[in-house]
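Presented below is the structure to which this report refers.
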Amino acid sequence: MAEDASNHDAKQRKTLDERARMSELEKLRHSTAHVMATAIAKLWPDAQFAAGPPVENGFYYDVDLEHRITPDDFEAIEAEMTRVVKENQVFERAVVSRDEALALAQSGRLAALGERAAPSRFKVDLLGDIPVGEEISLYKNGDFWDLCAGPHVPRTGNCKAFKIMNVASAFYKGDAGNPQLQRVYGTAFKNKTELAEHLERLEEAKKRDHRKLGKELDLFHIDEAVGQGLILWKPNGATIRQELQTFIGEHLERQGYSQVFTPHIGKLDLYRTSGHFPYYADSQFPPVLEREQLKKLSDEGCSCGELSNRLKEGSVEGFLLKPMNCPHHIKIFQSGHHSYRDLPIRLAEFGTVYRWEQSGELGGMTRVRGFTQDDAHLFCTEDQVAGEVMGCLELVKIVLGTLGMSEYRVRIGLRDPDSTKYVGDPANWDRAEAALRGAARSLGTEFTEEAGEAAFYGPKIDFVVRDVIGREWQLGTVQVDYNLPERFGLSYIGSDNQPHRPVMIHRAPFGSMERFVGVLIEHFAGKFPVWLAPEQVRVLPISEKFAEFADSIAGALREARVRVTMDASGDKIGAKIRLAQIDKVPYMLVIGNREQETQEVSIRHRDRGDEGSLGVMAFRDRVVGEIRSRSL
RNA sequence: GCUCUUGUAGCUCAGGGGUAGAGCACUUCCUUGGUAAGGAAGAGGUCACGGGUUCAAAUCCCGUCAAGAGCUCCA
């Protein structure tokens, strides 16, 4: 698991050639990072700067500083930056020898406004990372000199639209063994208008954050008393999840899957066989011991460390909350003999798994400790692998297509050749990787190949989407596995009457229901299509006089299995509409005297507004049609 | 797990060493109104939890738990 540091650096470090290709906006942001460093150095001369690159939506500069920078300081920093910008200092490039650079760094002159008692220690270190023979350059704006390969905009006056966004912590060079620095994030644009637009977009993004909408729309709840990262699905959220499960269930039937149910725990030995325990013990909930065992151990005065050792070596038995569903499904497969004529066998289950994610990683529904995979395991012959993988990819495409999710990327996760965390024969890995590559090609979508992204038992194809904050999440996944069949000694009888090893495919089109729904909430900004909306129609009588007619309409819709409610409050129609809009109900039916006389309903759609009127049954048929077709 | 920030009513938040405030939501009453807020009254909180300082703590300090941002991690 240990990461090769040099390899990591090689990935991080840009060549001078790559740097030269920096876009105008990146240059501007990089230069603004220098302006910010200038301001921070002015305010706190003891500041020690590390790296300050442009990033996707702005830039940051890492700084080590006695003073803790808080949002209260932003105003002062920005004021100082504005001063530097007004002075319109030239970004002056100076090529120096390694010795000159080192001398300046030693005298504290780099990333500083003047010489200092302490050396510019990160710059000294960074100098050591510059390959021999590569040109070493400084950039100077006013008195602020920094070790920097550039490039930069001509003058500080070009940095006229910027804002400091937030401050967080980061390990020096991204290594948890290194000291933590304060990372000050900012953003910069060509002009104030573009900056304002960007800030506006951020505000919009905040509004569709699934954590906020989850509360507003009563979709889910996380309770301290239950535990971190454990999702309580409220009725509205449960409806959405149920619809999704029914939806995929229909396709599973079509594709010849069998539905199974398995318990949430299994014996430790099961996971010793699969390789989950003790190898991944740190990312699992601790084992559950049998009562008798526990008593015996406590009588013996067994220490924690010793218990841990005995669990590892297997002299103490216990149960594990399942971190994956595969071992249970494998045991179902193994409970009978199988002929090649039976294959492929496809076992599907909405299986809930538990993983001990680090507390700092948890958030909303996208990273949790208990989640339900729309899991399935396909047991097939070597010849069937390609076709089955295609079928799985097809399913993922149907899911994403039905929901109108086109903003995703496809990634083939390959093993990292330098890592030892993978199980199995390299030859099997090669075959599996080739199979996936072939399937991805015929998918007709662009894909990337990434080393080190494989599962421990095999390579995979992932569908990755972004949330509103720009973070990437793996949703759908298809994995080819030659290794677990080996570990469990699976077999089927071939046409030659000899036992053969089946190949396993793990796949989950949604990934996990929690993460998927979290992303889906943001995708739709809470405005779910009718088939998914927890409340599909709300009947709004204009006054109590029409309650009876309104009730009969609701009844007719309910009869057709439309999720309908009636707002029987004493509010005026304007208020009722407002509430229904806030609840993002797709259809509102306004019912008053006119409707009662004509036996029609006045339709108002959440987004399209007033849509005129229609007979009750005609409206019913229209809504039912939309639901059936799962239209967007 | 680490660093910083935060935790006050169901929700959004104000306040702040002298034992609690607003708006929305909720309950009741008045109003019976045609496409995004009619009016009135009422109810609702050990100010996350546990310690400490103080005559006095929701407020200051320490710890715990939880949330947010980032880093590290992610079968």
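The values are calculated or read from the model by the stated rules, or taken from the named source; none is laboratory data. In this text, all values refer to a predicted model and were calculated from it rather than measured experimentally. Positions of Cβ are backbone-derived with ideal geometry, glycine not excepted, and every protein chain shown enters the neighbour counts.
See the values below:
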| item | result |
| --- | --- |
| Single residue of the range A:451-472 satisfying the filter (within 12 Å of RNA strand B (Cβ to nearest atom) and of a type in the set (A, V, I, L, M, F, W, C)) that is farthest from the chain's Cα centre (by Cα) | A:Phe456 |
| Verdict on A:Arg272 being out of contact with any strand residue (DSSP E or B) (no Cβ under 7 Å at 6 or more places or on another chain) and more than 16 Å from RNA strand B (Cβ to nearest atom) | no |
| Complete set of residues in the range A:139-189 that are over 18 Å from A:Val63 (Cα atoms), without any contact (Cβ under 8 Å) to a residue 60 or more places away in the chain and within 35 Å of the chain's Cα centre (by Cα) | A:Ala161 |
| Residue ID - surrounded by the most Cβ atoms within 10 Å (Cβ to Cβ), chosen from residues in the range A:223-245 that are farther than 20 Å from A:Phe510 by Cβ and aliphatic (A, V, I, L, M) | A:Val226 |
| Considering residues of the range A:473-489 that are under 22 Å from the mean Cα position of the chain (by Cα) and of a type outside the set (A, V, I, L, M) only, the residue nearest to A:Cys380 (Cα to Cα) | A:Gln479 |
| Selection status of A:Val564, more than 13 Å from RNA strand B (Cβ to nearest atom), at pLDDT below 95, in contact with a helix residue (DSSP H, G or I) (Cβ under 8 Å, 6 or more places away or on another chain) and under 18 Å from A:Asn236 (Cβ atoms) | no |
| Residue ID - nearest to RNA strand B (Cβ to nearest atom), chosen from residues in the range A:604-626 that are in contact (Cβ under 8 Å) with a residue 40 or more places away in the chain and out of contact with any strand residue (DSSP E or B) (no Cβ under 8 Å at 6 or more places or on another chain) | A:Asp607 |
| Meets criteria (closer than 20 Å to A:Ser274 by Cα, in contact (Cβ under 8 Å) with a residue 40 or more places away in the chain and crowded, with 19+ Cβ neighbours inside 10 Å) for A:Lys421 | no |
| Hey, A:Gly186 in contact with a helix residue (DSSP H, G or I) (Cβ under 9 Å, 6 or more places away or on another chain) and assigned to a strand (DSSP E or B) or not | yes |
| Verdict on A:Leu475 being more than 8 Å from RNA strand B (Cβ to nearest atom), assigned by TED's automatic domain parsing to the domain that holds A:Val423 and either of a type in the set (Val, Ile, Thr) or within 19 Å of A:Gln334 (Cα to Cα) (or both) | no |
| Listing of strands (runs of 3 or more DSSP E) fully contained in the range A:536-598 that carry 2 or more residues being touching a Phe, Trp or Tyr at 6+ places or on another chain (Cβ under 8 Å) and surrounded by 18 or more Cβ atoms within 10 Å (Cβ to Cβ) | A:537-541, A:587-591 |
| Matching entry among A:Phe488, A:Phe456 (being aromatic (Phe, Trp, Tyr), closer than 30 Å to A:Gly336 by Cβ and at pLDDT below 85) | A:Phe456 |
| Hey, A:Thr193 more than 13 Å from RNA strand B (Cβ to nearest atom), in the same structural domain as A:Glu357 (by TED's automatic domain parsing) and loosely packed, with under 15 Cβ neighbours inside 10 Å or not | no |
| Members of the range A:317-351 that are within 14 Å of RNA strand B (Cβ to nearest atom) and either touching a residue at least 60 places away in the same chain (Cβ under 8 Å) or not hydrophobic (A, V, I, L, M, F, W, C) (or both) | A:Lys322, A:Pro323, A:Asn325, A:Cys326, A:Pro327, A:His328, A:His329, A:Ile330, A:Gly351 |
| Number of the exception - A:Lys173 against (1) charged (D, E, K, R); (2) over 28 Å from A:Phe91 (Cα atoms); (3) surrounded by 15 or more Cβ atoms within 10 Å (Cβ to Cβ) | (2) |
| Total residues in the range A:580-603, condition over 20 Å from A:Glu548 (Cα atoms), touching a strand residue (DSSP E or B) at 6+ places or on another chain (Cβ under 9 Å) and within 7 Å of RNA strand B (Cβ to nearest atom) | 1 |
| Condition check for A:Ile553: within 10 Å of RNA strand B (Cβ to nearest atom), β-branched (Val, Ile, Thr) and closer than 13 Å to A:Val539 by Cα | no |
| Elements of type helices (runs of 4 or more DSSP H) in the range A:16-106, at least 3 residues being within 30 Å of the chain's Cα centre (by Cα), in contact (Cβ under 8 Å) with a residue 60 or more places away in the chain and under 27 Å from A:Ile130 (Cα atoms) | A:24-43 |
| Pairs, first not assigned by TED's automatic domain parsing to the domain that holds A:His329 in the range A:267-286, second within 13 Å of RNA strand B (Cβ to nearest atom) and among the β-branched types (Val, Ile, Thr), C-beta under 7 Å, six or more apart | A:Gly275/A:Val423 |
| Every residue from the range A:360-377 that is in contact (Cβ under 8 Å) with a residue 60 or more places away in the chain and either of a type in the set (Gly, Ala, Ser) or more than 16 Å from RNA strand B (Cβ to nearest atom) (or both) | A:Gly363, A:Gly364, A:Gly370, A:Ala376 |
| Unique match (being assigned by TED's automatic domain parsing to the domain that holds A:Ser495, surrounded by fewer than 18 Cβ atoms within 10 Å (Cβ to Cβ), at pLDDT below 95 and within 16 Å of RNA strand B (Cβ to nearest atom)) among A:Glu382, A:Glu357, A:Glu394 | A:Glu357 |
| Selection status of A:Gln228, in a loop (DSSP other than H, G, I, E, B) and not assigned by TED's automatic domain parsing to the domain that holds A:Ile40 | yes |
| Complete set of residues in the range A:199-217 that are without any contact (Cβ under 8 Å) to a residue 40 or more places away in the chain and within 21 Å of A:Val585 (Cβ to Cβ) | A:Lys212, A:Lys215 |
| Lone unmet requirement of (1) within 15 Å of RNA strand B (Cβ to nearest atom); (2) part of a loop (DSSP other than H, G, I, E, B); (3) at pLDDT below 90 for A:Gly301 | (1) |
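This table checks each residue for (1) touching a Ser or Thr at 6+ places or on another chain (Cβ under 8 Å); (2) away from RNA strand B (no atom under 15 Å from the Cβ); (3) at pLDDT below 85.
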position	(1), (2), (3)
A:Arg29	yes, yes, no
A:Leu43	no, yes, no
A:Pro53	no, no, no
A:Asp64	no, no, no
A:Arg68	no, no, yes
A:Asp72	no, no, yes
A:Ala79	no, yes, no
A:Asn88	yes, yes, no
